[in-house]
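A.B. asks: Dropping the structure in here first, questions after.
None of the figures in this text is laboratory data; all of them are computed from the coordinates on show. Note that the coordinates shown come from a computational prediction; the quantities given were computed from them, not determined experimentally. Counting neighbours? That spans all protein chains shown, and the Cβs are built from the backbone with ideal geometry, glycine included.
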Amino acid sequence: MTPEQQAAFVHAQSVAASAEIEGMKAENTFREMQGKTIAYDSGAFLQVIEEYGLHSNALIDFFRD
């Protein structure tokens, strides 16, 4: 994969993760408005970063290869 392709891949993963996080935030807001407990805690948001390989060590390894 060229450096440009790597950058495009990371950007696409970032956009997908952002979309998922925005959905999680919306669900939390909806539940709060209904007086319910939130569906997603901080750990769930951090898990999205892990799932998409966007944490710093994963990115360092990705661009190192």
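A.B. asks: For q = 0.14, 0.17, 0.19, 0.22 Å⁻¹, what log10 I(q)/I(0) does the chain give under the Debye formula with an equal point scatterer on each alpha carbon and no solvent?
C.D. replies: -0.50, -0.65, -0.74, -0.88
A.B. asks: Here's a follow-up. Counting Lys and Arg as +1 and Asp and Glu as -1, each charge on the Cβ, what is the dipole of the chain about the Cα centre in debye, to the nearest 20?
C.D. replies: 180 debye
A.B. asks: Among Ala16, Gly35, Ile60, which residue has its Cα positioned farthest towards the positive end of the charge dipole of the stretch 3-64, with +1 placed on the Cβ of Lys and Arg, -1 on the Cβ of Asp and Glu, and the dipole taken about the Cα centre?
C.D. replies: The residue sitting farthest along the positive end of the dipole is Gly35.
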